[in-house]
1. Kindly list, by first and then second residue, each pair from a residue in region 52-63 that is closer than 15 Å to residue 29 by Cβ to a residue that is part of a loop (DSSP other than H, G, I, E, B), limited to pairs with Cβ atoms under 8 Å and residues at least 6 apart or on different chains.
2. For residues in region 43-63 being part of a loop (DSSP other than H, G, I, E, B) and in contact with a strand residue (DSSP E or B) (Cβ under 9 Å, 6 or more places away or on another chain), which is surrounded by the most Cβ atoms within 10 Å (Cβ to Cβ)?
3. Among the residues of region 100-143, which ones are surrounded by 16 or more Cβ atoms within 10 Å (Cβ to Cβ), in contact with a strand residue (DSSP E or B) (Cβ under 6 Å, 6 or more places away or on another chain) and over 30 Å from residue 74 (Cβ atoms)?
4. Got a number for residues in region 92-110 being touching a residue at least 40 places away in the same chain (Cβ under 8 Å) and over 16 Å from the mean Cα position of the chain (by Cα)?
5. Can residue 89 be described as within 15 Å of the chain's Cα centre (by Cα) and surrounded by 13 or more Cβ atoms within 10 Å (Cβ to Cβ)?
6. Scanning region 64-98 for residues that are modelled with pLDDT under 95 and assigned to a strand (DSSP E or B), which turns out farthest from residue 25 (Cα to Cα)?
């Protein structure tokens, strides 16, 4: 199973009055990690957009374990947690100091026509993406 690691520099404006990263910023970091993961497996999300499709988040799940603060260096680990031809679930870990897992989560995505927002099959519309995603899912299961 491919896991991509993306470095994040925690910026001051990402923190709240308690001096920790504001909770919604982790979703931004998930998106950064997901985009870098897609690039790391040889695909480009912009190509999908140029073809008239987007991949909205239909569900997000975030679990906060430890605070991240301004000045911390963190890593976003990203992988494909589940894929069935229509829906993709990406998994994430935000790794803080001393390799501790500070935040975990998933985001669920489908592809839709950019104009109508009607769901489309990734398997049918982007067979190259499907092949790579299917292979990654099989690796995760140990097939």
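The values are calculated or read from the model by the stated rules, or taken from the named source; none is laboratory data. Note that this is a predicted model, so its numbers are computed, not measured. Here Cβ is always computed from backbone atoms with ideal geometry, including for glycine, and neighbour counts include all displayed protein chains.
1. Hits for this filter: 62/23.
2. Across region 43-63, the extreme among qualifying residues is 55.
3. 112, 120
4. 0
5. Judged against the criteria, residue 89 is a match.
6. Only one residue fits best here, namely 73.
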